[in-house]
Amino acid sequence: MSRRIIIAGGGTGGHIFPAIAIANALKKKDSSTEILFVGAKGKMEMEKVPQAGYKIIGLDIAGFNRSSLIKNIGLPFKIIKSYFQARKIMSEFKPDAVIGVGGYASFPMLQLAQQRNIPTVIQEQNSFAGKTNMILGKRAKKICVAYEGMDKFFPKEKIILTGNPVRSTISGSSITRTEGDNFFQLHLNRKTVFVVGGSLGAKSINEAIDERLDDILHEGLQLIWQTGKPYLAKARERAAGKPGVWVNDFITRMEYAYAASDIVISRAGAIAIAELCVMKKPTLFVPFPYAAEDHQTVNAMSLVNKQAALIVKDSEAKEKLIPMIIGLAKDDAKQSELRRHISELAIKDADERIADEILKIL
């Protein structure tokens, strides 16, 4: 009889792409495994999961809106409704295990599974655990983590250091530098800076690039600039007619961007970090300061303290980001040092490690 597994969570690419990688690893180990994703209606997973070939059901659930309190009026009803939806899913699908990857849908599904004594596994991507996962961790069978020292959040005996899963299109990429440059129509013999502010873009990074774009180009550098949707029109206008600048709101073929780049400017989400370690890229992190518990700064500092990356505060990005990038581009020895140290932190088979841990509890 085939195993039936629910993978719950989402909200951002940082939750969704690892979830899909875990599902793929489970299917690779046993093709008869039935996998159902549960996400939040209206969120990114409702589009990305079906594209990866998996079924997903959306819950009517949302988080607390800190910027507009009036938008929270319907929140208690959504939470109650999502619990009824979760109960229906559990009763109909009858899972052998439920895996939580973080995000709104994770909590009701895992809590319900734990109440019914169905084994649960948590995949905590960050170096600072979220409150939801800390609550659920008390009754989870196993907690798969990517950073050391997580016993301050979870019971020590349940923690397994697996690393964060990286998309196979990236971890297994054989794209050459020339193919990367051609993909973005860039010059073959110039250093390339890849700017990526997460799937929604990063205002401080975009504004810093916008203000000093001519300085970057004057230094002989070229740019792959992922802006996110809100900044796209402004960035396109700024880059118009300038050779050596590729601009778009989102990059679907990240393996080409990594292949083409010498240096990366990035937010410090856990999955971005996992990819940069695997791809061995000298990186300057600009952590998103409003992430829960400022976990992106904690994520980034875990690399900075090992001489594996550089960091600039979000509030100082406009002033310091471009001078630091230009300085790094001129310093081949520093690039080499960062490349060496970041590659030492790479875990290429995290998806398989997590899949193995899941299969052990069934």
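Coordinate-derived values only; no laboratory data. Values in this document were obtained by computation on a predicted structure and should not be read as measured data.
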Using just the helices of the chain, give the 222 nm mean residue ellipticity in deg cm²/dmol: DSSP H runs with n ≥ 4 each add -39,500 (n - 2.57), and the total is spread over all residues, rounded to 500. -13000 deg cm²/dmol
Cα centroid separation, the stretch 286-362 to the stretch 173-219 (Å): 18 Å
Could you list, bin by bin from short to long, the percent of Cα-Cα pairs of the stretch 170-343 in 10 Å steps? 10, 42, 40, 8, 0
By how many degrees, between 0 and 90 and to the nearest 10, does the Cα long axis of helix 350-360 differ from the longest principal axis of the chain? 10 degrees
Can you list residues from other chains, or at least 5 along the same chain, whose modelled amide H is less than 5 Å from the amide H of Gly103? Gly10
Can you spot the lysines whose alpha carbon is less than 27 Å from Lys156's alpha carbon? Ignore those fewer than 8 places along the same chain. Lys131, Lys138, Lys141, Lys142, Lys306, Lys348, Lys360
Could you name the aspartates and glutamates in cross-link range of Lys94, using Cα to Cα under 14 Å and dropping any fewer than eight places away on the same chain? Glu34
Of the convex hull enclosing the alpha-carbon atoms of the chain, the direction-averaged projected area in nm² is 17.9 nm²
